[in-house]
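Colleague: Below are the structure tokens for one structure; questions will follow.
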Amino acid sequence: MEITILGSGCGIPSLDRRAPSILICVKNHQLLFDSGSGTLVRLLKAGINYTNLEQVFYTHTHSDHCADLVPLLQALWTTPDFKRTAPMYLYGPLGFSDFMEKMEHAFGEWVTTPNFPLFVQELHQTEIAFSDFSVQSLPMKHSDFSNGYRIENKLGKSVVYSGDTDYNENIIKLARDADVLVLECSFPGERKTAGHLVPTEAAEIAKQSNCKKLVLTHFYPPYEKLEKEIINVIPKIYNGELVIAYDFLKIIV
Ligand SMILES: [Zn+2]
Ligand SMILES: [Zn+2]
């Protein structure tokens with residue numbers, strides 16, 4: 001598997017750290033997790049053809065995680081000399097179908113009935129099996145409905161993505177012995193905000209879950225102070241490999 005961090009930031013505009021989005025390639029499948037504002041351009045820059053996307057998984061419907069969903073559908077629908085026949089599958093937490101209906105009301109019928117097959121499914125504590133991989137979801141502690149995801153290939157390699165979350169048992173469970181845990185770490189300790197993690201909590205989750213590699217992302221500015229705290233605090237609690245995500249970071253699993 002190959003992970004590409006397309007956006008390591010949050011909803012605050014930054015030239016270096018764009019809104020959250022992660023591409024995970026399993027064999028020849030390209031799976032997108034979240035698509036914050038700027039994701040389509042990030043994909044272009046990463047050399048990924050958006051027309052090849054098969055599945056997009058949403059952790060929750062805060063705009064920093066899904067602002068490029070409607071633009072993605074519009075691009076797939078209107079690209080000149082391109083007629084998509086392959087179905088597109090969109091997955092999200094509870095409430096995601098209702099969110100899609102609201103997007104349809106706002107932008108038009110084509111959002112839910114474009115000129116290619118589109119399937120929308122809510123995932124709640126479920127595991128879905130595809131031919132080459134499986135995806136498990138568990139609710140996180142953030143908005144009304146938010147999911148974390150665990151992607152596992154046929155060789156047993158696993159990647160977990162938290163989306164946004166506060167400290168909770170489900171992320172520890174989901175990330176149990178994972179090869180890579182991509183975990184949010186929004187603020188330094190002095191700015192602890194409900195619904196998000198600070199470095200000590202992220203380290204505790206990594207330690208408890210026994211993940212092999214911890215990749216921290218979803219940083220709020222100012223970044224320098226947060227990065228310093230991450231480097232100082234995390235290795236005192238968690239013994240595995242620590243990576244501070246940046247845009248276009250690639251990790252092979
Ligand atoms: Zn967010
Ligand atoms: Zn959020």
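The values are calculated or read from the model by the stated rules, or taken from the named source; none is laboratory data. Just so we're clear, the structure is a prediction, and the values are computed from it rather than from any experiment. Virtual Cβ from ideal backbone geometry, glycine too; neighbours counted across all protein chains shown. Only protein heavy atoms, including side chains, enter the accessible area calculation; ligands, DNA and RNA are left aside. Shrake-Rupley method; radii C 1.70, N 1.55, O 1.52, S 1.80 Å.
Colleague: Which members of the stretch 162-200 meet the condition of being open to solvent by less than 40 Å² (accessible area, probe 1.4 Å) and more than 16 Å from ligand 2 (Cβ to nearest atom)?
Modeller: Once the filter is applied, which keeps residues that are open to solvent by less than 40 Å² (accessible area, probe 1.4 Å) and more than 16 Å from ligand 2 (Cβ to nearest atom), the stretch 162-200 yields Ile172, Leu174, Ala175, Ala178, Asp179, Val180, Leu181, Pro188, Gly189, Pro199.
Colleague: Looking at Ile24, Ile12, can you tell me which residue is closer than 30 Å to Glu227 by Cβ, of a type in the set (A, V, I, L, M, F, W, C) and either open to solvent by less than 30 Å² (accessible area, probe 1.4 Å) or part of a strand (DSSP E or B) (or both)?
Modeller: Among Ile24, Ile12, only Ile24 is closer than 30 Å to Glu227 by Cβ, of a type in the set (A, V, I, L, M, F, W, C) and either open to solvent by less than 30 Å² (accessible area, probe 1.4 Å) or part of a strand (DSSP E or B) (or both).
This table checks each residue for (1) within 16 Å of ligand 1 (Cβ to nearest atom); (2) of a type in the set (Asp, Glu).
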site	(1), (2)
Ser186	yes, no
Thr193	yes, no
Pro199	no, no
Ala206	no, no
Leu216	yes, no
Leu226	yes, no
Ile237	no, no
Asp247	yes, yes
Val253	no, no
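Colleague: When the stretch 201-221 is examined, which residues are found to be without any contact (Cβ under 8 Å) to a residue 60 or more places away in the chain and open to solvent by 10 Å² or more (accessible area, probe 1.4 Å)?
Modeller: Result: Glu201, Glu204, Lys207, Gln208, Asn210, Lys212, Lys213.
Colleague: Here is a follow-up. When Leu15 is evaluated against the numbered criteria (1) hydrophobic (A, V, I, L, M, F, W, C); (2) over 22 Å from Val135 (Cα atoms); (3) within 11 Å of ligand 1 (Cβ to nearest atom), which criterion, by number, is the only one it fails?
Modeller: In the conditions (1) hydrophobic (A, V, I, L, M, F, W, C); (2) over 22 Å from Val135 (Cα atoms); (3) within 11 Å of ligand 1 (Cβ to nearest atom), Leu15 misses (3) alone.
Colleague: While we're on this one: Looking at (1) surrounded by fewer than 20 Cβ atoms within 10 Å (Cβ to Cβ); (2) of a type in the set (A, V, I, L, M, F, W, C); (3) without any contact (Cβ under 8 Å) to a residue 60 or more places away in the chain, which is the one condition that is false for Phe130?
Modeller: Of the numbered conditions (1) surrounded by fewer than 20 Cβ atoms within 10 Å (Cβ to Cβ); (2) of a type in the set (A, V, I, L, M, F, W, C); (3) without any contact (Cβ under 8 Å) to a residue 60 or more places away in the chain, the odd one out for Phe130 is (3).
Colleague: Suppose we keep only residues that are among the charged types (D, E, K, R), more than 23 Å from Gln30 (Cα to Cα) and not in a helix (DSSP H, G or I) within the stretch 99-144. Which one would you say is modelled with the highest pLDDT?
Modeller: Looking at residues that are among the charged types (D, E, K, R), more than 23 Å from Gln30 (Cα to Cα) and not in a helix (DSSP H, G or I), I get Lys141.
Colleague: Among (1) touching a Leu at 6+ places or on another chain (Cβ under 7 Å); (2) within 16 Å of ligand 1 (Cβ to nearest atom), where does Gly7 come up short?
Modeller: The one condition Gly7 does not meet is (1).
Colleague: Would you confirm whether or not the stretch 222-231 contains a residue that is within 21 Å of Cys66 (Cβ to Cβ) and either of a type in the set (S, T, N, Q) or touching a residue at least 40 places away in the same chain (Cβ under 8 Å) (or both)?
Modeller: no
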